[in-house]
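The values are calculated or read from the model by the stated rules, or taken from the named source; none is laboratory data. Remember, it's a predicted structure, so these values are computed and weren't measured experimentally. As a convention, Cβ positions derive from the backbone with ideal geometry for all residues, glycine included, and neighbour counts pool all protein chains shown. Surface accessibility is based on the protein's heavy atoms, side chains included, excluding ligands, DNA and RNA. Shrake-Rupley method; radii C 1.70, N 1.55, O 1.52, S 1.80 Å.
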Amino acid sequence: MARLDAKLFGTPQVTADGRPVSLPYKKADALLYYLLLKRQAPRSELIGLLWPDTDSQTALKNLRHAIYSIRKGLGWDPFQGGRRSVLEISPEAEIWCDVSKYLTSGRLELYGGELLKGFSLPTERGFEDWLEGERTALQTGYLRQLLEEGSRALDQEDLDRAERLCLDYLEIDPVEENAVVLLMRVCCAKRQFRRAIGLYQDLSHRLSCEFGISPLKETTSLYYKIADQWNECSAQPEEPRETLMGKEAALRELLALCGMGTGTQRGPGLLLTGEAGVGKTYLLDHFLSHHDLSGWMVCRGYCYQTEMGGSLAVWNSIIMALVAELELRRVPIPANYARTAAALFPGLAPGQEAQLTDSDCDFPLQSDYYTALRSVLTIFSIAARKTPILLVFEDIHWMDRSSMELLALFLRRLNHQSAAVICTARDILPPHMEGFVEEGLRDHVLFRRALRRFTQEETGRFLHQRVDGGLGEDLVERAYQNTGGNALLLDQLADALAERGELPQIPEDIIAYRLSSLSQDERRVLELVAVFTSWAPFQALSAILRRDPLELTHLCCQLTQKKLLVESTREGGLEYSFTHERIKATVAQKQSESGRRLLHLRVARYLEDRLEVGQTAPYDQLIHHYTAGGDRFRTFRYRVLSLNAYAGLRYELMPTLTADPRTGLSGPDGLWEYFQTMRAELAGLRRFTPEQEELDRLELILLHVESRCCIHDGRYEEGLEVLARLLDCCAQMGDRDMEIQGRLQLVYYGIQTGNGQVMEEHLSIIGGLLKGMERSPEYGVYLRLSGLLELMRGSYPRAREILSQAVQTFQALDPKMDGRYTINIAGAYNYIAETYRLERAYDQAFRYYDQAIAYNRNRGYYPGAALFYTNYGVAAYQSGSMEEAKSLFRYAVELYEESHEYSEYPVALAYLALFDCQEGEPGRAAERLSRALELCDTIGSPRWKGITIYITWKIRKLMNGNRCPALEALWPEGEEEHCVWCLSYLRRLQPRMETAEMERELLRVREEPRQN
């Protein structure tokens, strides 16, 4: 017999042989659900539940029809035959039901929430009473089991499990005192006294507000007992085995940063500096483990030297920690912000990531990068309102530029919120981080505390604590000379003494001395861990070393006990890293070049083998390992693919939103020089690599990437030359898809330069290439750009017709409304609005601008918002709504500055300059106009330039002889020359009100001398 699966916890779902079952009416659903739970029931009982007010003959007929509907919906008969008075599920039927499984197994994870959530038969009181009784019984049993297992976990000192069980209980019933008491006891056992006190205070408030009562005496007694313990621990903090010699002041500043101790917080960020091994990480570990930070969400990340060329590397660890904290504390993230931010950090919205791919738009895709960053900051801000956030960044001297930018934004945006940042770094910083620190100190968002080495006297005290019986003065002096008072080296020395007993002398290279005592198997593990960029997954170690997991676990445990490795369970998997970069460097120095290369190649191939279909490769890691392994071909391949992804994130136009890569994307500094380097490498590979077809494919991608970057940045001569080579290659290889992408770049060139002839030529070719592909996103793009061309020609009704077809095409491609083509649809609505604006039908234009903005916001903040608000502002200005226009332009400029979009940016700046002059701020107006004209010259758009010069004319007239040298330097001396200058651009466009006005002004200026 076929199989039936029933999920009745939560929203009910029934499948037959994997196929969803949909019955024609709710009473048939109710009958199936009831029998799945009861397994059998008398027909009279079923009639009483579902048709109580119907005569028996009709009720039996209704029951037979419901049974028939179930059989038809399942495609087979699940009922036992030969039973006239009883309806029973056949014992032979293969049925899995989550409720039945939960009741028989008692496994808490099977409880999936309210029984038949959202399902009801409001007119049948008997069924409703039965359902409510079942729901209550199941939930009561589940809650009782949570408390019982939570208490058992606490007794077994499994504190994390006990905490999770308590939180699961309180999510359903937040005023159950027994659950709160149990969680208070768990927090006390974890030394989270502040959190325990907060739980009691929250309970007291809820009980008072909802029931007008106070907590039980026993609960209050526990509260005072915890408060006393907290006071005792605060008065006499537990001392670690090693003292904090020389770090007391830094500890006081850490405490002040988090609102503890007697110090005053000076700003949101604290930077601890000092040489490698001076004790920065030890101080942080002590602070985080010996002080109650239970009231804070603590997210910690590490920067690595091998990730300096990456993008947002350390923030991936921070975001993973944040997600875990938010889940633990039941803090929800607004879905639109999560989806937007998932373009950079997929973990924020699993399964809903928003990555921008090779579609198109009228504004640079790099804007999505910055709007995604903005959404990340908004998520942190929302979380900080619920619970204070502490971010910890170790070794920021190896932080990449993108991570630095986001950290700088975080410090300033969350300056006055419940958020704090702790960073560690060496004394000497790279230039970009030195600038970051200097700016942070200047803006009072970052303060520095330098940690120093131990003195000789402190060295003696340290070794006296760590070594049984202490050391003689001569050995202490030798230890100080060989370590310089460096805490890491002293710690390694103490461990060496513990392992070997007395040493005849203090070795000069203490770390190398310790490594020399390891077994060959232990050294092999360390050598492999040393080639990973950050953490080495246990699964990777096992696969590459081909060691039995139990044997490898033993080796790793030994290395962890010797304080050479540290263990972590990030992302749910076991991983290992060195306890300090200095140890890693020593291991790497002792490896042979050939051995190190071989290990890098094995790691790279391991990463490739684990890639899933459709998943973007971890480019930075693959490039690093293949480069270090000496594989030039694969290094080149992943550099090209990484560059393509980078350009897709920052230089492409109007995005399609699809699955996000599982890795950060980074682009090289000095992009144009990098293209030259890549071309030279390609030429070199052509001479000796047999994979010529693969090189042809990679060359196409490289040419396409370079063209995107050139066209976006206004480097048209270079871009057109690259596009010519790309199209020649496409013709030789017969690559239609890449030819479409190349010709789209030529269309974008036409858009930016106002060249309708180029747009028409290449849109015509693209239309031919897309024959038979009318249901594709590429065809939707083609329609939208064709509509834009008609708009530029002044054929407004025809433009609206084509743009409406584009909207329908994209909507048909996205039936689930997951927002994949949101920005394309929003862009089409923006163009439709522009057609109405140019016809001076402002009310209709406003309606379509609103639709464009609404679509844009469906996925949070995405590219195009600044463009839409600018066009909206122009329409408001032209309709006479000056205050509304001013607000729209100001908001648009804020978005431009944050998103790094260009499209229409000069127009927004020019209009704001006009408002500045009206408000008596000509100096500020001059700054805006100068920036606007500079952008116009860079991109070469005649429309932007014409409108900007038109606004400068209005400003000139507004000044009416009032002198402002900064403004006057921006326009020609004579008025006639000014008008001619403006019309030299506006006359290239279709007739519009600005052109007509300037024609009248030119005529007036020329007539005035004759009248005089």
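Could you list, in sequence order, all residues of region 416-442 that are hydroxyl-bearing (Ser, Thr, Tyr) and more than 23 Å from the chain's Cα centre (by Cα)?
Thr424, the sole residue that qualifies.
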Practice prompt. Return yes or no: is Ser375 modelled with pLDDT of 80 or more and open to solvent by less than 10 Å² (accessible area, probe 1.4 Å)?
Written response: yes
Worksheet item: surrounded by 14 or more Cβ atoms within 10 Å (Cβ to Cβ), farther than 23 Å from Leu607 by Cβ and outside the structural domain of Leu489 (by the TED database), is that true of Lys584?
Response: no
Practice prompt. Can you give me the number of residues within region 938-971 that are under 21 Å from Met998 (Cα atoms), open to solvent by 60 Å² or more (accessible area, probe 1.4 Å) and part of a helix (DSSP H, G or I)?
Written response: 3
Worksheet item: Which residue pairs have Cβ atoms closer than 7 Å, lie 6 or more positions apart in sequence or on different chains, and pair a first residue in region 780-795 that is farther than 17 Å from Ile740 by Cβ with a second residue that is open to solvent by 10 Å² or more (accessible area, probe 1.4 Å) and among the basic types (Lys, Arg)?
Response: Glu790/Arg798
Worksheet item: Got a number for residues in region 973-999 being surrounded by fewer than 16 Cβ atoms within 10 Å (Cβ to Cβ) and more than 22 Å from Gly754 (Cβ to Cβ)?
Response: 4
Discussion item. Given the criterion modelled with pLDDT under 80, closer than 26 Å to Glu706 by Cα, open to solvent by less than 50 Å² (accessible area, probe 1.4 Å) and among the charged types (D, E, K, R), identify the matching residue among Glu307, Glu353.
Written reply: Glu307
Item to complete: Considering every residue within region 122-135, establish whether at least one is within 27 Å of Ala16 (Cα to Cα), assigned by the TED database to the domain that holds Leu8, in contact (Cβ under 8 Å) with a residue 40 or more places away in the chain and open to solvent by 50 Å² or more (accessible area, probe 1.4 Å).
Response: no
Discussion item. Going through Pro78, Pro42, Pro20 one at a time, which residue ends up being at pLDDT below 90 and open to solvent by 50 Å² or more (accessible area, probe 1.4 Å)?
Written reply: Pro20
Response to the item:
Residues of region 538-562 being open to solvent by less than 60 Å² (accessible area, probe 1.4 Å) and among the charged types (D, E, K, R), in sequence order, are Lys562
Discussion item. Looking at (1) in contact (Cβ under 8 Å) with a residue 40 or more places away in the chain; (2) open to solvent by 10 Å² or more (accessible area, probe 1.4 Å), which one does Asp285 not meet, given that it meets all the others?
Written reply: (1)
Response to the item:
Residues in region 717-750 that are over 16 Å from Phe675 (Cα atoms) and either within 33 Å of the chain's Cα centre (by Cα) or among the hydroxyl-bearing types (Ser, Thr, Tyr) (or both) total 13
Worksheet item: Are there any helices (runs of 4 or more DSSP H) wholly within region 259-341 with 2 or more residues that are of a type outside the set (Ser, Thr, Tyr) and either in contact with a strand residue (DSSP E or B) (Cβ under 6 Å, 6 or more places away or on another chain) or closer than 30 Å to Ala865 by Cβ (or both), and if so which?
Response: 313-328, 335-341
Discussion item. Please go through region 885-906 and give me each residue that is at pLDDT below 90, open to solvent by less than 10 Å² (accessible area, probe 1.4 Å) and aromatic (Phe, Trp, Tyr), ordered by number.
Written reply: Tyr896
Discussion item. Tell me which helices (runs of 4 or more DSSP H) are completely within region 636-746 and hold 1 or more residues being at pLDDT 85 or above, surrounded by 19 or more Cβ atoms within 10 Å (Cβ to Cβ) and among the basic types (Lys, Arg), or say none if there are none.
Written reply: 692-713
Fill in: Set Val476, Val421: member being touching a helix residue (DSSP H, G or I) at 6+ places or on another chain (Cβ under 9 Å), modelled with pLDDT of 90 or more and open to solvent by less than 70 Å² (accessible area, probe 1.4 Å)
Val421
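Residue under question is Phe532, and the condition is that it be modelled with pLDDT of 90 or more and under 15 Å from Ala585 (Cα atoms); does it hold?
yes
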